[in-house]
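So the structure is just underneath, and the comments pick up after that.
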Amino acid sequence: MPASRLASMRIATWNVNSITARLPRLLAWLESSGTDVLCIQETKCTAEQFPTEELRALGYESAVNATGRWNGVALLSRVGLDDVVTSLPGGPEYDGAQEPRAVSATCGPVRVWSVYVPNGREVAHEHYAYKLRWLEALRAAVAQDAAGDRPFAVLGDYNIAPADEDVWDITVFEGATHVTEPERAALAGLREAGLRDVVPRPSSTTTPSPTGTTASSASRRTGACASTWSTATSPSPRRSRTATWTARSARARAPRTTPPSSSTSTSRACPAGRTPRNDLRAPSGGPGGAGATLFG
């Protein structure tokens, strides 16, 4: 691989909410964006149904952890795809099986994770306790990567609002998931294990929050904006620099006064007719969610 390719690497993340439905948009965006590595969540297909050949035609290798209708994650890379792990090491089971929520691989000089953190459903639900166990397993995996010398990035849909400012109205979430102290403490544990947050750069018209909130559709479940958080890291800040962007979904191009036509991440959506404060556009357009550019 040319040294120049290793010196500048673009990594992005996209909760596609069905790769089958989103495939034409995905292929067009990959061709136009210059992305080297893409982390995908909610593939909603089996590994056999994943469009490996279509992506290979564009020069991307695929690593997939998907079992069917729900969940599913993938990594696409045009800079190499080695040492693939299609699970979360030590991850807990739910309903007797480990859900397809994590995949990792070495892409060029960087170890990359694509993660789809469990939703949690309700605080009293077993899925919430499972979410916290899952995050603890992710923290252990991150700590292991942080102990090495290789830069690494953990990107995806975290299903946590790190601060009250990351939701439209924190009072709406009283007693709900995504904003509880145990969830936020679990996210903080990832930072303590060696990660640092990647924050979106501001545009001329918006002010980003620490998490890079993106737009979503109106839905019956309102109160917060659907969001994708990405976290990238290098053990030493001297060894990598990051620049980020957060983009409106490539699936829909709506006026700024109207939310896009489908959710880009978590199960909660913005109230009808409202646009998130932190809806930023990538210079060339792109998926909902955050992208990170890592420089060696």
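General remarks:
- Each of Ala129 and Glu54 was given a label point 7 Å from its Cα along the Cα-to-Cβ line. The distance between the two points is 4.1 nm.
- Once the Cα-Cα distance is subtracted from the 0.36 nm per residue extended length, the Ala188 to Arg150 segment shows a gain of 11.5 nm.
- Distance between modelled label sites at Thr46 and Ala21, nm, 7 Å Cα→Cβ extension: 2.1 nm
- Around the amide H of Glu42, modelled in the peptide plane, lie the amide H atoms of Gly72, all under 5 Å away and 5 or more residues distant in sequence or on another chain.
All of the numbers you see were taken from the coordinates with simple rules; none came from a lab. Because the structure is predicted, anything quoted here is derived from the model rather than measured. We place every Cβ from the backbone using ideal geometry, glycine too, and count neighbours over all the protein chains shown.
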